[in-house]
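Inspection log for the structure reproduced underneath, given as structure tokens.
The values are calculated or read from the model by the stated rules, or taken from the named source; none is laboratory data. Since the structure is predicted, the reported quantities are computational estimates derived from the model, not experimental observations. Neighbour counts are summed over all protein chains in view; Cβ atoms, including those assigned to glycine, are modelled from backbone coordinates with ideal geometry. For the accessible areas, the whole protein counts, side chains as well, though only heavy atoms, and no ligand, DNA or RNA atoms are used. Shrake-Rupley method; radii C 1.70, N 1.55, O 1.52, S 1.80 Å.
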Amino acid sequence: AALANGTPPHPNGSATLDSSNERIQIVDEQKEFTAQLTPQLKKWGLHDVGFGYNIISVFGSQSTGKSTLLNRLFGTTFDVMDETKRQQTTKGIWMCRGKGTNVMVMDVEGTDGRERGEDQDFERKSALFSLASSEILIVNLWEHQVGLYQGANMGLLKTVFEVNLGLFGKQTSADGTSGRTLLLFVIRDHIGVTPLANLEATLTADLNRIWEGLSKPTELKDKKLSDYFDLAFTALPHKILAADKFEFEVQQLRKRFVDKSSPEYLFKPVYHKRIPADGVAFYMEGIWEQVQTNKDLDLPTQQELLAQFRCDEISAAALAEFNEQAKSQKRPVEAGKVIEGLGSMMRNWRKDALVRYDRDASRYHKGVYGRKRADLIGAIESTLSPLYLGQVKNLHKSCLVTFKKEMQDGLKGEEYNFADVVLKARQTCETTFANGAQEATIEDTDWSWEDEMTLLQEEIGVVADQCRKDETKKMINQIERNLKKTISEPVELYLNKPSKGMWDEILKAFREVLEKAETVYLAKAKSFNCTEEENVTSLSSLRKRAWLALRAKVDEQTSEQAFLTKLRNHFEEQFRYDENGVPRVWKPADDIDGAFKKAKDLTLELVPLYSRISPEDESLQFSLPSESSDLLNEGEEFDFPSTLVIFSETKALDLTNKFRKDADAYYVEAKRSTVSSVAQ
Ligand code: GDP
Ligand code: MG
């Protein structure tokens with residue numbers, strides 16, 4: 001029982017939550033590799049330490065106190081043979097975390113098959129496995145085993161050397177490792193009669209003899225043991241006979257494993273196998289599978305496989321987090337929303353994912369890391385691209401809406417310059433779009449928004465054109481209203497003063513008014529940026545409407561009632577008043593018949609005068625092309641010559657007849673008045 005002294009409590013027997021002294025059997029008796037290594041490394045807090053850890057394993061004959069030594073050195077909890085029962089500990093490979101250190105300690109049980117008369121299969125496999133991952137291999141032996149060149153230990157070392165040649169023989173430094181390993185010989189139960197230096201010399205000589213005796217491939221035949229291994233030697237006193245000294249020396253040795261500042265520090269960086277901690281489990285399992293199936297263990301391939309597996313995992317984790325973030329904006333974009341700062345969000349998500357990936361994956365095989373990184377960027381961009389396209393499209397829509405609104409606001413009131421309003425709205429719209437689209441565009445992509453801008457500009461153009469047409473219409477209507485007002489007075493004036501030059505005067509006035517209207521139009525049209533073609537159409541429309549306005553006024557003045565009144569007035573002036581404008585009092589001697597006829601004939605002359613717009617001076621005649629179409633009422637028939645006719649011949653005859661009746665009434669009245677004056 002005394003020999004088991006100092007062994008830390010078995011974790012399974014303790015209820016503590018502290019996992020630091022847990023141990024794990026990574027390869028069991030059936031030579032199966034555990035699935036629990038990654039979870040265990042996480043529990044130990046070693047999963048995320050990158051390269052900041054060490055691996056050590058131990059080799060040596062059965063019951064030479066290997067487990068005891070590891071437990072003393074690293075505070076681990078490996079099984080120690082119970083002296084009282086002399087029971088063998090479980091075969092397999094065990095791992096513990098070194099207490100207070102980032103050291104993964106591996107205890108290889110049952111390596112020395114020779115001693116137990118078993119096959120050496122497991123010995124070879126575990127040697128391969130340990131060498132592929134460990135920085136330091138402790139070779140544990142009794143002092144009395146030193147110099148026994150034919151002994152079991154030497155057979156073990158021969159195996160180790162052979163295996164190492166297969167693993168690291170052709171290794172270049174391309175993968176960042178030297179493949180170098182430290183062999184630390186721990187000589188147990190050193191009595192002290194033979195100094196350590198002598199034991200060291202004996203062992204070294206034996207090792208070199210083994211090395212020379214190896215059958216090496218020709219390209220490696222000149223390689224020396226020191227090309228692959230560093231050798232270190234230490235001795236420990238008898239654990240029972242010199243217990244205090246044993247304990248002291250063990251503590252001294254411990255310092256060489258944990259004190260990085262010590263000149264004797266054993267975990268030199270050059271021994272590190274450069275497997276990131278989060279890949280250790282996968283890597284070891286891969287190595288073990290290869291070893292198990294007796295396949296050639298090709299470390300570069302293993303490292304590449306490891307890199308592929310881990311980089312995929314790391315990338316998937318980064319992508320999952322990224323997708324979660326990107327998802328948050330998918331709906332709003334699809335719903336047509338322009339998302340403020342989407343570009344910087346997307347940049348951040350992308351950056352975060354890459355930082356995350358780089359942090360963990362960059363430790364792996366460079367080529368694989370780079371390829372998977374490109375894949376990741378591809379996946380990220382294919383998720384972001386629809387968001388980008390959506391954002392740009394939504395921006396386009398919202399900018400167009402703003403443009404319309406700005407146009408509306410700008411065209412309120414009287415005091416505005418149409419071209420300025422368009423220019424300003426266009427600039428605002430295009431700048432907003434360009435800024436927003438630029439913000440959303442992520443660098444180092446082939447994304448662009450130029451095409452969308454071109455579309456937007458086209459649509460702006462269409463809207464602006466429509467506004468201009470509407471504005472032009474409004475303006476023409478305005479001009480038309482003014483024109484109607486201005487023309488009505490002269491028309492009324494001249495039509496009430498029938499004379500031969502009546503139409504000349506009216507047409508002169510009309511020309512003046514029209515000319516003024518055209519000037520007003522052209523001045524405004526300039527600020528609208530109207531095209532030459534639009535001006536032609538607008539002016540012709542304006543002329544036609546002006547003409548129709550004149551005609552309307554003329555029609556009003558020559559309606560049947562108005563015209564008959566004009567005729568009556570004219571007749572009365574001729575018949576009932578003398579040359580001096582004095583009312584006539586008919587006497588029997590007066591030539592009523594003659595006067596009546598004269599007045600009637602003079603008045604009837606007015607009918608042809610009014611029935612057609614025809615100036616005395618031919619050059620004053622106005623004319624319009626008949627086919628001229630109106631901007632507002634397109635397609636309406638318009639025949640100019642017919643608009644010159646005020647009364648048709650039938651109408652003229654009808655009016656003449658009606659007037660005759662009126663005139664006859666006057667005649668009768670005049671006759672009666674003479675009769676009555678005679679009667680008085
Ligand atoms: P392992 O099989 O090599 O792992 O050896 P163990 O650690 O299980 O120890 C085997 C036996 O050797 C146990 O009974 C230990 O108590 C005993 N032992 C451990 N260390 C020493 C030592 O330094 N000297 C001697 N003589 N016995 C030891
Ligand atoms: Mg043991």
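Some values worked out for this structure:
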| quantity | calculated |
| --- | --- |
| Given (1) within 21 Å of K553 (Cα to Cα); (2) surrounded by 14 or more Cβ atoms within 10 Å (Cβ to Cβ); (3) of a type outside the set (S, T, N, Q); (4) modelled with pLDDT of 90 or more, index of the condition F638 fails | (4) |
| Candidate set: the stretch 637-670, residues that are aliphatic (A, V, I, L, M) and not in a helix (DSSP H, G or I); chosen: the one farthest from A595 (Cα to Cα) | L644 |
| A242, sole failed condition from (1) under 16 Å from N102 (Cβ atoms); (2) out of contact with any helix residue (DSSP H, G or I) (no Cβ under 6 Å at 6 or more places or on another chain); (3) open to solvent by 10 Å² or more (accessible area, probe 1.4 Å) | (1) |
| Hits in the stretch 457-494 - residues which are acidic (D, E) and either in contact with a strand residue (DSSP E or B) (Cβ under 6 Å, 6 or more places away or on another chain) or open to solvent by 60 Å² or more (accessible area, probe 1.4 Å) (or both) | E458, E459, D465, D470, E489, E492 |
| Hits in the stretch 528-575 - residues which are at pLDDT below 90 and part of a loop (DSSP other than H, G, I, E, B) | N529, C530, T531 |
| Selection count where residues are within 16 Å of ligand 2 (Cβ to nearest atom) and open to solvent by 20 Å² or more (accessible area, probe 1.4 Å), scope the stretch 28-61 | 2 |
| Unmet requirement for L297, which otherwise passes all of (1) open to solvent by less than 50 Å² (accessible area, probe 1.4 Å); (2) under 38 Å from the mean Cα position of the chain (by Cα) | (2) |
| Residue within the stretch 308-319 that is crowded, with 20+ Cβ neighbours inside 10 Å and closer than 23 Å to E32 by Cβ present | yes |
| Tabulated pairs, the stretch 62-74, first without any contact (Cβ under 8 Å) to a residue 24 or more places away in the chain, second open to solvent by 10 Å² or more (accessible area, probe 1.4 Å) and within 8 Å of ligand 1 (Cβ to nearest atom), C-beta under 8 angstrom, 6+ apart or interchain | S63/M81 |
| Qualifying residue in the stretch 238-247 (condition: touching a residue at least 60 places away in the same chain (Cβ under 8 Å) and within 16 Å of ligand 2 (Cβ to nearest atom)) | yes |
| Search result, residues across the stretch 548-568 that are open to solvent by less than 70 Å² (accessible area, probe 1.4 Å) and of a type in the set (S, T, N, Q) | Q557, T558, S559, T565 |
| Scan of the stretch 510-523 for residues that are surrounded by 14 or more Cβ atoms within 10 Å (Cβ to Cβ) and in contact (Cβ under 8 Å) with a residue 60 or more places away in the chain, ordered by number | F510 |
| Test: R350 is open to solvent by 50 Å² or more (accessible area, probe 1.4 Å) and of a type in the set (D, E, K, R) | no |
| Out of R72, R114, sole residue that is modelled with pLDDT under 80 and within 15 Å of ligand 1 (Cβ to nearest atom) | R114 |
